[in-house]
Every structure is written in C-alpha cells, then in structure tokens.
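Q: Can you keep this structure in mind? I'll have questions shortly.
Read-outs throughout are calculated quantities, based only on the coordinates presented, and are distinct from any laboratory measurement. What you see is a predicted model, and the numbers here were worked out from it, not measured in a lab. Here the Cβ positions follow ideal geometry from the backbone for every residue, glycine too, while neighbour counts run over all protein chains shown.
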Amino acid sequence: MRPTALSFQKQSDTVGRSRDTGTLLNVIDLRALRDDPDRLRASQRARGEDESVVDRLLDLDSRHRAALARFESLRAEQKSVGKSVSRASADEREALLARAKGLAADVKSAEAEAEALSAELAALLRTVPNIVEAEAPVGGVDDFVVVDQVGTPREFDFTPRDHLELGEMLGAIDTDRGAKVSGARFYFLTGVGAMLELGLLNLAMQRAAANGFTPVIPPVLVKPETMEGTGFLGEHSAEVYHLPADDLYLVGTSEVPLAGYHANEILPADMLPTRYVGWSSCFRREAGSYGKDTRGIIRVHQFNKVEMFVYAHPDQAHEEHLRLLGWEREMLDLLEVPYRVVDIATGDLGTSAARKYDCEAWVPSQGCYRELTSTSNCTDFQSRRLNIRYRDADGKPRFAATLNGTLATTRWIVAILENHQREDGSVVVPEALRPFVGRDVLEPVTKK
C-alpha cells in the first residue's frame, strides 16, 4: 500500500463538536501525527515551509485533549451530583445544591476552554499543506524533473510569428478590444479563434466521455467553504476573485465545484473510482504576475477549460494519477505539438497536491516549453476538509482520495497556432480537430 498524504489519519478524532447539535466543526485524526511527527516535519522541509508548525500542533492537540478530559470529568460529576440532590435529605440538599451550582460554572468554563482550543487547533490545521509523496523531487520552481519528451521542436525556414500576430492575421484573437471592454489581460476570440477553442474543448469532452468520465457543466460561483475546502484560500487566495456582496467566489478551475459536488456525503465503495469531466469558464486575478506574459493569451484573467476530476480509493490514487497523465498526453499527441512531461518539485506543488505532473508544449516564438496541462494527486487532503467519504469492506466510512487533471484549455491555442503556422501566416489545423473546426487550414484575413 502506497502511503497517502495524511494517511496517518486513519480514523477521525473530533476536533470541536457542538454539544447541542452534534455538528462536526472540524474532523481530523492526529493520533499517528503524535506517533510519527517527523513525517510531517520532512514534508514541511521539502516544501520549504515552517516545520515548527508540527510542535505547535502537538502542543495544541495535547492541551485540547486535556481540556476535553477536564470538561467530560466535570460534566460527569455534575450529572452525578444532580442525581444525588433528589435522593438527599434536607440537611444534605443545601450543600449538594451549592456544589451543583459551582460545578455548573466549572463545566461552562471548561467547555469554553475546550472550544477555544478546538478553534485554534482547527485554524492552525487549515494552514498546513498536504504531505508530499516521498518520490516527488525536492526543491523549488526550477527543480522539476523531466520525465519524458515527445516530438522534436520544429526548425523553421522562416522567422516564426508569435500566437498573437498569427491570431490577428487570422481574425481569431482581439486583445485590443478585450482591453477596451474589460481591461488588461482580457481578449475576444473571434471567427476561427472561437471555432478553434470550441473544437478543442469539444474534442476533450468527447474523449473524456469515451474514457468513462461523466460530463458536467458546473457552477462557477461557489461558497467560501467549497473554495477553502479545496485549498484555494491559502497561498492562492490573492489569485481568487471574491464577490463580497454575495460572499461567493469565482472559480479558477472546475476542480473546485467538482470537489464540492460530493461534500458531506458517504459514497458506496463500488462507486470508486468516480470520474467527472467539467467544462467551465475560469477566472484568475493573476496577482503578482504583472509584467509576465502580458502579450497575447498565455496569462489572462478569464479562460475556458476542460478539467478531469476523480474520487478514488486511497490505495488506487497513485495509479489513477498516472491514468490522468496518460489521458492528457493522448490529447497532446492528437494536436501534434512537441511537449515534455515534468515531475514538479515539492516547493512548487501548491497547497493541495501531494504530487503533480505538468505537460509543457514547445512555444517556437519563445524558444521554450510552457505549461499546458497539470495533473495533481491530492490524496485525502480535500476530502477531509470537505468531509467526502466512502465505506470500506467492513462498512466503515473512510476518506476518499481526489485527483484532477487538465484536458484542454484556452492556452492550448498558443501552441496550436505557433507550431502549425506557415510562412504566409496560415495555420494547418491538426487532423483530430478538423471535424470540429470545419476546415483543414486557417487562412489569414489580413496581410502583414
């Protein structure tokens, strides 16, 4: 059995529970963390995160358990004294009533302390990212490992144009009017540009459906608990659009609503793996990226994407992750663009991912590879936060694993245009896309 992130959390302890309603305020199992704190420390070091959080967690956990024990002991004594009052003699009753009154105050104080520590512990737990897979390369953004390289970058006998110049010549991309209407990093896809994107996304949806995925058009506005449950309100919160008047968030990927789809549910064991493929518009503020990729449609505020999302048995998550990568590669092969597969280093994984692979396509105008797809194994990190479980062979509820992977997105147009361009500015449409686009070649509508 492969270790999963937070797999030391085998059964849930209750961290904070409403005594009146029984509602779980946070669910996590800290027992194996108590037994093996070095595993989380090692993961924090690999991510470049503060490993002292482990000691703070253990301290809060110990104090919280002691406070709970004190509360339960006092409450038991309170109940015992309460029962004794009705049986006591007149001489004994006054003392017992006084004791009951004192215990009531002590119980209330102990409960308040336990709840405060529970909230503090839960808040700290929410800051801790997923535990990385042991095999993931250690390092920062530049320490990825190239797993495979497919195709050879094309040698042009002319100076290749970039995707924006090609898009303007084809009447496919209009960033000037996008900026006029909405601001920087917005654009219009027009004519063959719109047909190219629709064809790309339709091809992805059809292939996913053929591979057993259930197609979904999800909402793109979600509640805070859904956005937080998927891990996007931590280090990525600056990239998320928030609508304060409604307290809703615009999603940056349909991973978010698809993760929330089965929140607070227990899935039948034979339902796993359950595979969904979502088509949605996506929104990102791109905070901190000013001056980067401002030309064209590489880094924009709004785009469309087809995203695979899987609920899986934790023991099968690693293999499912490789399947998602395989389906991504099949799509790239159909588009006939050179690409490479990279294993992302631990310091660049993001909050939810325990392991991530990117597929990067060659972009001739930049002379480098750029990310087109990403697939992440989030193990049981998201399902614990969203309370998504399944029943094991013994009928006990266990947390499922969740995984995601990009199957097509607007950015792919960049690689298609640049790799398949001809000297006159026309672009050959990859054969797999021709039935969707309705033509073999995209011809310029303007000459440059």
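Q: What span do the alpha-carbon atoms of the chain cover on each of the three principal axes, reported in whole Å from largest to smallest?
A: 106, 46, 39
Q: While we're looking at this one, here's another question. At a 10 Å Cβ-Cβ cut-off, how would you order 118, 52, 84, fewest neighbours first? Spell out each step's value before the answer.
A: Values: 118 20, 52 10, 84 14.
Lowest to highest Cβ neighbour count: 52, 84, 118.
Q: Using a Gaussian network model on the chain with a 10 Å cutoff between Cα atoms, which of 63, 47, 75 fluctuates the most?
A: 75
Q: So which helices of the chain fit the span-like rule, where a helix is a whole DSSP H run, its Cα atoms reach 27 Å or more along the axis, and its mean Kyte-Doolittle is at least -1.0?
A: The qualifying helices are 53-87, 90-125, 317-335.
Q: Could you work out how far the C-alpha centroid of segment 323-378 sits from that of segment 169-198, in angstrom?
A: Taking the Cα centre of segment 169-198 as reference, the centre of segment 323-378 is 25 Å away.
Q: Something else about it: List, in the order given, every pair from 180/223; 108/396; 223/305 whose Cα-Cα distance in the structure shown is over 23 Å.
A: 180/223; 108/396
Q: Once you have the Cα-Cα distance between residue 428 and residue 58, take 0.36 nm times their residue separation minus that, and quote the gain in nm to one decimal.
A: Going from the current span to full extension adds 127.2 nm.
Q: While we're here: If you rank 262, 64 by fewest surrounding Cβ atoms within 10 Å, what's the result?
A: By the 10 Å Cβ count, ascending, the order reads 262, 64.
Q: Roughly how many whole Å is it from the C-alpha centroid of segment 131-161 to that of segment 206-259?
A: First find each Cα centre; the distance between them is then 27 Å.
Q: Ok, one more. Taking R0 as 22 Å, what FRET efficiency do you get between residue 371 and residue 135 from their Cβ-Cβ distance, rounded to the nearest 0.05?
A: For residue 371 and residue 135, the calculated efficiency is 0.60.
Q: OK, next. Using alpha-carbon pairs under 8 Å, 6+ residues apart, how would you state the relative contact order of segment 204-358 in percent?
A: 24 percent
Q: Could I ask something else about it? Given points 7 Å out from each Cα along the Cα-Cβ axis, report the residue 206 to residue 266 separation in nanometres with one decimal.
A: It is 4.2 nm.
Q: Using Cα-Cα distances under 8 Å and only pairs 6 or more residues apart, what relative contact order does segment 173-246 have, in percent?
A: Computed over segment 173-246, the figure is 14 percent.
Q: When the chain is fully extended, how far beyond the present Cα-Cα distance does residue 97 get from residue 73, taking 0.36 nm per residue of separation?
A: Between residue 97 and residue 73, full extension yields 6.8 nm more.
Q: With 10 angstrom as the radius, rank 392, 358 by how many other C-beta atoms surround their C-beta, starting from the fewest. Working shown, then result.
A: Numbers: 392 11, 358 24.
Ordered by Cβ neighbours within 10 Å, fewest first: 392, 358.
Q: Grab the Cα-Cα distance for residue 304 and residue 80, subtract it from 0.36 nm times how many residues apart they are, and report the gain in nm with one decimal.
A: Taking 0.36 nm per residue and subtracting the Cα distance, the gain is 74.3 nm.
Q: When DSSP assigns beta bridges and you keep just the ones with both residues in segment 145-442, what percent turn out antiparallel, to the nearest 5?
A: Roughly 90 percent of the beta bridges in segment 145-442 run antiparallel, per DSSP.
Q: Oh, and also: So what's the back-of-envelope 222 nm ellipticity for the chain, counting only DSSP H runs of four-plus at -39500 (n - 2.57) apiece and dividing by all residues, rounded to 500?
A: -12000 deg cm²/dmol
Q: Place a point 7 Å from Cα of residue 336 in the direction of its Cβ. Which residues in segment 377-419 have their backbone N less than 18 Å from it?
A: Of the residues in segment 377-419, 412-419 have backbone N under 18 Å from the label point off residue 336.
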